[in-house]
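Below is one structure, written out as structure tokens, with a few remarks after it.
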Amino acid sequence: MATHYLSPSILCIILATLVCIVGAKVPAIIVFGDSSVDSGNNNFIPTMARANFEPYGRDFPGGHATGRFCNGRLSSDFTSEAYGLKPTVPAYLDPSYNITNFATGVCFASAGTGYDNATANVLGVIPLWREVEYYKEYQSKLSAYLGHRRAARIIRESLYLVSIGTNDFLENYFTLPDRRSQFSISQYQDFLIEIAEVFLKDLYRLGARKMSFTGISPMGCLPLERVTNLGDPFSCAQSYNNLAVDFNGRLRKLVMKLNRELTGMRIFFANPYDIIWDIVTKPDLYGLEVSSSACCGTGLFEMGFLCGRNNMLTCSDANKFVFWDAFHPTERTNKIVSDHFFKHLKNLFH
């Protein structure tokens with residue numbers, strides 16, 4: 001029997017072709033949103049909403065703070081890695097990166113922002129419309145770097161991750177008087193949905209076709225909201241959780257509408273409410289121990305500068321905690337949530 005061998009050059013061609021086929025669906029991860037996915041853009045704008053100091057990032061590769069509001073990586077980082085791309089998604093405003101890095105993943109998100117421009121104004125961060133302007137600038141750079149045809153394919157085939165909305169309620173509507181004097185809570189939700197629709201249609205017009213669009217979590221269970229829940233101290237604020245359920249229902253309807261209307265667009269609605277509720281109420285099922293307070297400081301109110309290196313109360317092992325600071329999950333929680341959604345994403349966007 002004759003034995004046939006493939007030459008190394010033919011093998012290389014076959015392997016390269018397979019890599020192109022496998023990798024063709026999601027060549028890059030493109031991220032919009034708030035602190036849940038900001039990988040460090042706020043480090044490069046004049047705002048107090050930063051996390052570029054210890055102990056933030058202590059479990060990040062290299063053990064240094066990047067501007068992520070976490071002890072380590074974010075869900076968007078894990079999603080990038082799960083698709084065989086970079087293990088971290090670089091921040092667009094970080095001058096240590098350039099278009100060669102951004103060609104396989106880029107983050108435009110800004111901690112403290114929201115759908116509502118007034119939310120971004122609270123802490124002087126990047127409004128959502130500006131994130132879109134940065135994205136347009138990125139497209140021009142990508143075309144100059146790769147040529148129009150290759151750039152267009154990346155824009156079309158990339159997975160867009162959007163995670164935003166909590167700050168509109170907790171940082172803006174329920175904290176400051178302006179929007180409450182203009183809108184009932186139901187009217188404000190409608191106002192945000194209108195902004196979300198314009199934003200998603202803008203991305204569609206700019207070439208986006210594959211998207212994971214994240215709702216909001218049971219925000220009444222954030223440690224900060226528990227400690228300020230005067231009616232039932234240290235319990236989840238049920239009114240905020242009910243609002244999250246209501247708003248997610250409206251977002252889901254918007255996603256269904258746009259999936260019908262926008263030819264070629266596929267939006268997956270990543271509703272984090274149930275998985276995070278499950279983690280918070282049954283942490284032991286996920287190998288976690290503490291869900292009512294956070295790792296940093298007392299775990300009740302510290303975030304940002306209050307969660308600094310001089311706070312001696314910060315826990316030694318963040319992997320036991322659901323929350324890193326009073327507002328943001330730990331790397332461990334981010335990984336659990338990312339894995340939960342990736343099971344769906346890999347079937348939709350191989």
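The values are calculated or read from the model by the stated rules, or taken from the named source; none is laboratory data. These numbers were taken from a predicted model, which means no experiment stands behind them. Quick reminder, even Gly has a Cβ in these numbers, built from the backbone with ideal geometry, and neighbours come from all protein chains shown. Just so you know, the surface numbers come from the protein's heavy atoms only, side chains and all, with ligands and any DNA or RNA stripped out. Shrake-Rupley method; radii C 1.70, N 1.55, O 1.52, S 1.80 Å.
Look at the Cα gyration tensor of segment 116-189: its axes a ≥ b ≥ c give a/c of at least 1.5 with a/b over b/c, and that counts as prolate.
On full extension of the chain, what length is gained from ASN101 through ASN347, given 0.36 nm per residue of separation minus the C-alpha to C-alpha distance? The partial results should precede the final answer.
Details: separation 246, 0.36 × 246 = 88.56 nm, distance 2.66 nm.
Here the segment from ASN101 to ASN347 would lengthen by 85.9 nm.
Per atom type, the chain shows carbon and sulfur on 57% of its accessible surface, probed at 1.4 Å. On the beta carbon distance between ARG205 and ASP232, with R0 = 51 Å, the FRET formula returns roughly 0.65. Mean-square fluctuations from a GNM of the chain, with a 10 angstrom spring cutoff on Cα atoms, peak among ALA196, ALA111, ALA144 at ALA144.
Using only the C-alpha atoms, the convex hull of the chain corresponds to 167 Å³ per residue.
With an 8 Å cut-off on Cα pairs and a minimum separation of 6 or more residues, tell me the relative contact order of the chain in percent.
Working: 659 pairs, mean separation 61.9, N = 350.
About 18 percent, as a whole number.
Summarising the strand pairing of the chain, around 5 percent of its internal DSSP beta bridges are antiparallel.
The amide H of GLY105, built 1.01 Å from its N in the peptide plane, has ILE29 as neighbours under 5 Å, considering only residues 5 or more places off or on other chains.
Per-residue extension of 0.36 nm, minus the Cα-Cα distance of PHE305 and ARG150, leaves a gain of 51.6 nm for this segment.
Using the structure shown, list the pairs from LYS210/LYS253; LYS257/LYS335; LYS210/LYS320; LYS86/LYS257; LYS25/LYS257 with a Cα-Cα distance above 27 Å, or answer none.
On the way: LYS210/LYS253 18 Å; LYS257/LYS335 30 Å; LYS210/LYS320 34 Å; LYS86/LYS257 33 Å; LYS25/LYS257 24 Å.
Over 27 Å Cα-Cα: LYS257/LYS335; LYS210/LYS320; LYS86/LYS257.
Amide H to amide H distances under 5 Å link PHE323 with CYS295, THR330, where only residues 5 or more positions off or on other chains count and H is placed in the peptide plane. The dipole here belongs to the chain: it is taken about the Cα centre, uses +1 on the Cβ of Lys and Arg and -1 on the Cβ of Asp and Glu, and is about 1360 debye.
For the chain, the per residue solvent-accessible surface stands at 45 Å², with DNA, RNA and ligands left out and a 1.4 Å probe. Relative to the longest principal axis of the Cα atoms of the chain, helix 238-261 runs at roughly 30 degrees.
In the assembled protein chains, CYS236 presents an accessible area of approximately 30 Å² (probe radius 1.4 Å). When both segment 305-336 and segment 90-164 are represented by their alpha-carbon centers, they are found 27 Å apart.
Can you give the percent of C-alpha pairs in segment 211-347 whose distance is more than 17 Å? The proportion of pairs with Cα distances above 17 Å equals 63 percent. Which residue, LEU230, LEU203, LEU142, has the most motion in a Gaussian network model of the chain that connects Cα atoms within less than 10 Å? Result for the chain, Cα springs under 10 Å: LEU230 fluctuates most.
Largest accessible area first, the listed residues ASP38, ASP339 line up as ASP339, ASP38 when surface is computed with a 1.4 Å probe on the assembled protein chains. Helix 128-146 and the long axis of the chain differ in direction by around 20°, with both axes built from C-alpha atoms.
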